[in-house]
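This report concerns only the one structure given below.
The values are calculated or read from the model by the stated rules, or taken from the named source; none is laboratory data. Quick caveat, the model's predicted, so the values are computed rather than measured. Backbone-built Cβ (ideal geometry, glycine too); neighbour counts: all protein chains shown. Protein only, heavy atoms only, side chains kept; ligands, DNA and RNA dropped before computing areas. Shrake-Rupley method; radii C 1.70, N 1.55, O 1.52, S 1.80 Å.
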Amino acid sequence: MSDIVPKKANELIDPQAQMIVGFLQAMGLPSDNVIAAQDERRIIGDNIESLIRDLPAEAKKDARYLSKFVIGAGFGLFDYSLNAVWNEVVLNLRRKASVYGLEIFFDSAVGGSKAREHYKTEDDLASLKDSVLLDTCRKLELISDATYKKLKHILEMRNDIGISHPTNYTINAFELLGWLKTCVSEVLNDNPTEAALQVQAFVKNLREATDPLDKTQAQGIANHIQQLPTHLCGNLLRTIFGLYVAIDTHPGVRKNISLIAPALWAACQDEAKYKLGIVLEGYNVNLYKDKYALGEEFFGVVGGNAFRSPSERVIIVDELITELRDKHNGWDNFHHEPPVAAQLYSYVPDQQSIFDNLAQRLFKTVLMCRIGRGVSYCEGVSPGGRGYYDFILSLAGDKFAAHAMAALSDFEVRAQLGRPLCRQHAKTALTLVRANVINQRLLECLDYLIANIETDAGCAYSSDFKKLTAGYINWN
């Protein structure tokens, strides 16, 4: 017994490997680039013991992936070892996703596509590609940005040089040990950030809170939302939107969401809002009529119509312009114009949201409504619509001022300008347009109209005005 000499880890890891290489050679099979070289295996043996010894006992208790890693590395099958530890990383990230909340996770990973209905249970996590799993864990702060970049590299290496892919590249021992260290320290023994867990808890509580929030509670939540990182606000917005449009959501929950959603919307970056607009369009394209109706309702609550997809907005704005014109020309227009004007304004809250191909019709219609009918009652202009008309006219600026001026020569507008009260309103409308114009020639044109419109309705299509605006209005 006294002659027994304990062997070091590097010696324990090495001997059988060479026998396997010899067996392969004897069988006439390729033996090069199959297992790692002896000096590479020795590096593993010199370092693996200290790395594993530093792990807490609880982490090693059921760590079969580490056993597979050691065996694979000991026999020189480094790609097998990498695959073993990567599989454990994937399982760990799936567990983190389950703890965080599958609904939130799938909403972020799959979004509003038709495929979303197939992702419900923990088993469905296996249907996500590893890259999607990583991307979503990063978005939800289940892993840090630095860890994400490291894991992305490990995944690429595992895919490119793994056991399932033919390659001449050989993994060296220091790479393998570094990857193991990253996976163990930054994923397998790590937990989500405190902020991410708070978001998870908030969504869980919100989903179950059917009693209405009082004003103090809603304000407290709004204050807390403003302290969250913007990317977490974006994730939370996507999640509560999904909860709002879910058909089985309790009406009380939907009401509570409507109380806090505007504050969350304000805290988010534009990118998250535009993405939500694309999700809403997806509901329409995929014929989710109930979800689409609730989604439109949500965008109305947060005042987000300007962030809906361009393909949807251009159709809706075109229809609203036509509807506003019909209401103006119809019976009881003072009463029927404001709701349409308010909705139109929600889609064009700034100059950037105005479509070039609709600008002419937009400013002509709004100008007609703002000039009014020339009657004494409410000065001929809808009281509820006036504020919206004033705001839209003020958006014209250098880009669209010519459309507003050209509208004065249109036969429908010219018919209204025959009334003194309408000419007075036209002067006010032109003053609103002028407020945000910088171009000196456009200012000169507007000043000409403002100075003459009250006394001469024809000034808007006089020869002098046509010469003055020749570079901006095509009079042919």
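Mind grabbing the base-10 log of I(q)/I(0) for the range 399-439 at q = 0.19, 0.22 Å⁻¹? Debye formula, identical points on the C-alpha positions, no solvent, two decimal places.
Listed by q, the Debye log ratios stand at -0.56, -0.72.
Bin width 5 Å, origin at 0, all Cα-Cα pairs of the range 374-470: what percent of pairs per bin?
2, 14, 25, 26, 20, 9, 3, 1
Could you tell me the ratio Rg/Rh of the range 233-345? Both radii from Cα atoms, Rh via Kirkwood.
Expressed as Rg/Rh, it is 1.02.
Hey, with R₀ at 56 Å, roughly what FRET efficiency would Leu29 and Asp290 work out to, going by the Cβ-Cβ distance, to 0.05?
Efficiency, rounded to the nearest 0.05: 0.35.
Two decimals, Cα atoms only, Kirkwood Rh: what is Rg/Rh over the range 326-372?
In the range 326-372, Rg relative to Rh is 0.98.
Rounded to two decimal places and with Rh computed the Kirkwood way over Cα pairs, what is Rg over Rh for the range 184-257?
1.04
With the convex hull built on the Cα atoms of the range 46-154, state its orientation-averaged projected area in nm².
Hull-based average projected area comes out at 7.9 nm².
P(r) for the chain, please, calculated from all Cα pair distances in 10 Å bins and given in %.
4, 16, 18, 15, 14, 12, 9, 6, 4, 2, 1, 0, 0
Tell me, what is the FRET efficiency for Asp270 and Asp410 to the nearest 0.05, using R0 = 35 angstrom and their Cβ-Cβ distance as r?
That pair, Asp270 with Asp410, gives E of 0.50.
Determine ³J(HN,Hα), in whole Hz, for all residues of the range 101-111 in sequence, where each value follows from phi through the Karplus function 6.51 cos²θ - 1.76 cosθ + 1.60 and θ = phi - 60°; x replaces Gly and Pro.
With coefficients 6.51, -1.76 and 1.60, one gets x, 5, 4, 5, 5, 5, 4, 6, 7, 9, x Hz.
Once the Cα atoms of helix 310-329 and of the chain are each reduced to a long axis, what angle between those two axes, in degrees from 0 to 90 to the nearest 10, is obtained?
Relative to the chain, helix 310-329 is tipped by roughly 20 degrees.
Starting from the 7 Å offset along Cα-to-Cβ, what nm value, one decimal, do you get for the label separation of Asp332 and Ser394?
3.1
Give me the Kirkwood hydrodynamic radius of the range 301-453, using the inverse of the mean 1/r over all pairs of distinct Cα atoms, in Å to one decimal.
That comes to 15.5 Å for the range 301-453.
Rounded to whole Hz and in sequence order, give me ³J(HN,Hα) for the range 246-253 from the Karplus expression 6.51 cos²θ - 1.76 cosθ + 1.60, θ = phi - 60°, writing x for Gly and Pro.
Result, rounded to whole Hz: 5, 5, 8, 5, 5, x, x, 5.
Pull up all non-local amide H partners of Leu128: gap of 5 or more, or a different chain, and H-to-H distance under 5 Å with H placed in the peptide plane.
For Leu128, no residues qualify.
What residues qualify as long-range amide H neighbours of Leu417, i.e. H under 5 Å apart, gap of 5 or more or another chain, H built at 1.01 Å from N?
Those lying under 5 Å, H to H, from Leu417: there are none.
I need the Kirkwood Rh of the range 297-358: take the reciprocal of the average 1/r across all distinct C-alpha pairs and report it in angstrom.
12.2
Through the Karplus equation 6.51 cos²θ - 1.76 cosθ + 1.60, θ set to phi - 60°, convert the phi angles of the range 125-134 into ³J(HN,Hα) values in whole Hz; use x for Gly and Pro.
4, 5, 7, 7, 5, 4, 5, 5, 4, 5
Going highest first, how would you order 176-183, 197-204 by mean Cβ packing within 10 Å?
176-183, 197-204
Quick check for you: with a 1.4 Å probe and neighbouring chains kept, what is the accessible area per residue of the chain, in Å²?
For the chain, the solvent-accessible area averages 51 Å² per residue.
Report in % the part of the accessible area of the range 368-476 that belongs to carbon and sulfur, leaving out ligands and nucleic acids; probe 1.4 Å.
50
Considering only protein heavy atoms and a probe of 1.4 Å, how much of the accessible area of the range 244-285 is carbon and sulfur, as a whole percent?
Here it works out to 56 percent.
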